[in-house]
1. For the structure I just gave you, tell me whether residue 107 is under 27 Å from residue 224 (Cα atoms), within 16 Å of the chain's Cα centre (by Cα), buried (at least 18 other Cβ atoms within 10 Å of the Cβ) and at pLDDT below 95.
2. Looking at the structure I just gave you, is residue 229 over 19 Å from residue 279 (Cβ atoms), modelled with pLDDT of 95 or more and among the polar types (S, T, N, Q)?
3. Report, by residue number, each residue of region 221-263 that is among the hydroxyl-bearing types (Ser, Thr, Tyr) and crowded, with 17+ Cβ neighbours inside 10 Å.
4. Within region 47-54, identify whether any single residue is surrounded by fewer than 19 Cβ atoms within 10 Å (Cβ to Cβ) and at pLDDT below 90, and answer yes or no.
5. Given the condition of a type in the set (Gly, Ala, Ser), modelled with pLDDT under 95 and surrounded by fewer than 19 Cβ atoms within 10 Å (Cβ to Cβ), answer yes or no: does some residue in region 189-208 qualify?
6. In region 267-301, what residues are over 19 Å from residue 248 (Cα atoms), assigned to a strand (DSSP E or B) and at pLDDT 95 or above?
7. Could you list, in sequence order, all residues of region 110-120 that are surrounded by fewer than 19 Cβ atoms within 10 Å (Cβ to Cβ) and either of a type in the set (Gly, Ala, Ser) or in a loop (DSSP other than H, G, I, E, B) (or both)?
8. Output yes when any residue across region 171-181 is farther than 27 Å from residue 247 by Cα, in a strand (DSSP E or B) and touching a residue at least 12 places away in the same chain (Cβ under 8 Å), and no when none is.
Amino acid sequence: MKSGMDFLSCLHQDLSLKIFMSLEDPSDLVRISAVSRSWRHFVITHGLCKDLCLRLFPQLSKVDHVNEPTGAIKGPAEAGSSTSRECEVSEREHRVFAFLARGCLSFGLRECISKAIIASSTDNYPEESIVNTLEPRDRVGRRASYWSSKGQKNPAVPETLTYKLVADLCVITEINLRPFQAYFQFGYPIYSAKSVRFRMGYIKSSMKNLVNESFQGSGDDKFVWTYTSQEFPMAQENRLQNFKLPEPVLCIGGILQIELLGRVQRQDMDGLFYICVSNVQVVGRALSPPFGVQILEPSDKFVLEALSYSQPTAPEWPSPAPATTLQMRVRDLEQIVNILRGNVANVVEYGYGFDFDDEESDEEEEEEEGVDIE
C-alpha cells in the first residue's frame with residue numbers, strides 16, 4: 001500500500017462501516033473524524049455518533065430532531081460537499097450527538113433528586129410526608145423522619161413514590177433506598193417492601209400545574225413512562241440498600257417513580273400492613289444546563305436541544321456510609337431507657353408518629369457521636 005493511502009478507499013463501504021461501528025467510546029469517533037476530510041465525511045454521512053448514542057440509550061429512538069445554539073461554530077466547507085438541507089442536518093446531528101455521548105459518560109456523578117412530588121398514599125400528612133425521604137437521617141432532632149403509606153389489610157397492595165430530578169435529561173445509574181425501622185415500637189419492626197421497580201418519564205403537559213405532593217394518587221394518568229426497570233428484591237433490613245441498574249438509563253423528562261411492591265410487616269396496633277421509607281437517593285449524571293428537551297405531545301417524541309457546548313463541573317458522588325455500630329448501640333440504649341421509664345405503652349399508643357419529647361424543640365440536632373437520653 002502506498003504511503004498516505006486512505007484505507008477507506010480500498011475497502012467496501014459496508015466493511016468500513018462495520019469497523020467504525022465497533023468503536024464504543026465517543027472520543028474515538030471524534031478523533032477519527034479529525035483524521036481527514038474523507039473520514040469526517042464518512043462519520044457524519046453515516047450518523048455514527050447518533051448510532052452510538054442509540055446503542056447506549058435506546059430511549060433516544062424517540063428523538064424527532066435536534067437543535068443547537070444559534071451561531072454554533074460549524075466546520076469549514078468541504079471540497080465537493082453538498083450545501084443541501086440534508087447535509088446541514090447531518091452536520092448538526094453529528095455535533096449534538098457527539099457531545100451528548102461524551103456527556104453521558106463523562107459528566108460528574110451526583111445526587112439527582114430535585115424534590116419530592118407525590119406519594120400514592122400517606123398515613124399522617126404532613127408528618128409522614130414523602131418529603132422526609134430526602135433527609136438521609138431517620139431522625140431530625142427528637143422526631144422520626146420517614147414516609148409511611150396508609151395501612152392495608154391486603155399485603156399485595158403496592159405504593160409509589162414520585163420525584164422530580166435535577167434536570168430534564170439525566171443518566172441514572174443506581175437508586176438507593178432505606179426502609180424505616182420503627183425504633184419506638186416493640187420488636188423494632190422494619191416496614192420494607194418485598195421488591196421495588198423503577199419508572200422514568202415526564203409529566204403530561206395538561207397535568208403540570210396539578211401535580212403536587214398534597215394530591216395523592218398513583219400518577220398513572222399524570223405521567224408518561226419511557227422506561228420501566230426489572231423488579232429488584234428488597235431486604236427487610238435497616239440499611240441503605242443499593243439497586244444498580246443493569247445499564248445506565250437516560251431519563252427523558254426528569255421524573256422518576258419508585259414502585260414498592262408487596263408488604264412484609266404488619267403493625268401490632270391495628271393489624272394492618274404498612275410500607276415506610278426513611279431515605280431515597282438517586283445517583284446519575286445531570287445533562288443540564290448543556291442539554292434540554294421539548295416534548296412533542298401527543299406523539300411522545302421530543303426535540304433534543306444542545307443549549308451550549310461547555311461541559312459542566314460537578315463533584316463525584318460519594319459512596320453512602322452505613323450506620324455505624326456506635327449509632328446502632330446508642331439507638332438501642334435509648335430504647336432501653338424508654339422501657340425502664342415505663343414509656344412502652346406510649347410507644348405503642350402513638351405508633352409511627354411518636355415524638356419522644358413534645359416539649360423539647362425539634363430544632364435540637366443530634367451529634368454523630370451519640371444522642372441525649374436524659
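The values are calculated or read from the model by the stated rules, or taken from the named source; none is laboratory data. As the structure is a prediction and not an experimental result, all values here were calculated from the model. Backbone-built Cβ (ideal geometry, glycine too); neighbour counts: all protein chains shown.
1. Values: under 27 Å from residue 224 (Cα atoms): yes; within 16 Å of the chain's Cα centre (by Cα): yes; buried (at least 18 other Cβ atoms within 10 Å of the Cβ): yes; at pLDDT below 95: yes.
Here the answer is yes, as residue 107 does meet what is asked.
2. On the way: over 19 Å from residue 279 (Cβ atoms): yes; modelled with pLDDT of 95 or more: yes; among the polar types (S, T, N, Q): yes.
Yes, satisfied.
3. To start, the set of residues in region 221-263 that are among the hydroxyl-bearing types (Ser, Thr, Tyr) comprises 226-229.
Hits for region 221-263 are 226, 227, 229.
4. The initial filter retains those residues of region 47-54 that are surrounded by fewer than 19 Cβ atoms within 10 Å (Cβ to Cβ), namely 47, 51, 54.
Going one step further and asking which of them are at pLDDT below 90, we end up with 47.
For region 47-54, residues surrounded by fewer than 19 Cβ atoms within 10 Å (Cβ to Cβ) and at pLDDT below 90: present.
5. For region 189-208, residues of a type in the set (Gly, Ala, Ser), modelled with pLDDT under 95 and surrounded by fewer than 19 Cβ atoms within 10 Å (Cβ to Cβ): present.
6. Hits for region 267-301 are 273, 274, 276, 277, 278, 279.
7. 114
8. At the first step, the residues of region 171-181 found to be farther than 27 Å from residue 247 by Cα are 180-181.
Add one more test, that the residue is in a strand (DSSP E or B), and what stays is 181.
Adding the requirement that they be touching a residue at least 12 places away in the same chain (Cβ under 8 Å) leaves 181.
There is at least one residue in region 171-181 that is farther than 27 Å from residue 247 by Cα, in a strand (DSSP E or B) and touching a residue at least 12 places away in the same chain (Cβ under 8 Å).
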